[in-house]
Amino acid sequence: MTSMEFNSKLSGLTTLLHSFAYNLTKNSEDAKDLYQETAYRALFNRDKFQPGTNFKAWMFTIMKNIFINNYRKKVKANTILDTTDNQYYINSGNHSTSNAAEGEIMLKELNAMVSALDDSIRVPFMMHFEGFKYQEIADELQLPLGTVKSRIFFARKELKEKILSNYGFHPN
């Protein structure tokens with residue numbers, strides 16, 4: 001097969017090869033790179049193509065093999081090799097100890113702030129916090145719906161002010 005015939009067959013498969021490359025990589029830029037590498041290898045190994053065989057299959061096989069090799073390289077690049085004695089780094093993993101003391105302290109402080117609220121706003125607020133709907137709270141406490149909403153609002157507002165003052169934040 002002459003160079004012109006080979007180049008002509010390669011040009012005829014360009015669209016199909018681009019589509020196949022995109023199917024493999026799922027990325028436009030990677031697909032272009034894969035196509036370029038495939039075309040280069042095909043041109044470089046043109047003498048290995050045997051006339052009378054399926055040129056399209058030969059090209060697709062080259063592309064598939066390049067993709068597989070690149071994938072294996074990426075996987076291998078992400079593999080950690082540990083040369084320390086007893087594979088210390090691999091065996092150490094992500095050992096971390098969590099300390100929930102700070103969260104528990106803040107939770108206790110927050111509970112104390114809620115407990116310090118006046119009963120008239122604390123009770124509706126806690127019922128709402130526990131999942132009751134506004135109308136259910138109003139029915140239970142025998143209060144108008146608007147009063148329940150405003151008391152919950154005032155409880156939130158007072159808690160926000162206490163939190164901001166206790167933790168050194170100053171609202172703008």
Problem - Cβ-based exposure ranking for 24, 107, in which fewest neighbours within 10 Å come first - result: 107, 24
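With N residues in region 101-166, what two-decimal value do you get for its Cα radius of gyration over 2.2 N^0.38 Å?
Taking N as the residue count of region 101-166, the ratio is 1.18.
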Exercise for the section: Give me the number: length gained by fully extending residue 108 to residue 46, i.e. 0.36 nm times residue separation minus the C-alpha to C-alpha distance, one decimal in nm. Expected result: 14.7 nm
Handout entry: Burial ordering of 148, 75, 123, fewest other beta-carbon atoms within 10 Å first
Key = 75, 123, 148
Problem - Three principal axis lengths of the chain [C-alpha, angstrom, descending] - result: 95, 53, 34
Fill in the blank from the handout: Residues 106, 59 in order from fewest to most other beta-carbon atoms within 10 Å are 106, 59
Practice task
Please tell me which of these pairs span more than 24 angstrom C-alpha to C-alpha: 9/32; 26/48; 32/74; 9/74; 108/157?
Solution key: 26/48; 9/74
Exercise for the section: Could you name the aspartates and glutamates whose alpha carbon sits less than 16 Å from that of residue 162, not counting residues in the same chain fewer than 8 places away? Expected result: 109, 118
Fill in the blank from the handout: Residue-normalised 222 nm signal for the chain, counting each DSSP H run of n ≥ 4 as -39,500 (n - 2.57), nearest 500 deg cm²/dmol, is -23000 deg cm²/dmol
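Readers should treat all values here as calculations from the given coordinates under stated rules, not as data from a laboratory. In this text, all values refer to a predicted model and were calculated from it rather than measured experimentally. Because the Cβ atoms are built from the backbone with ideal geometry, glycine has one as well, and the counts that use them run over all protein chains shown.
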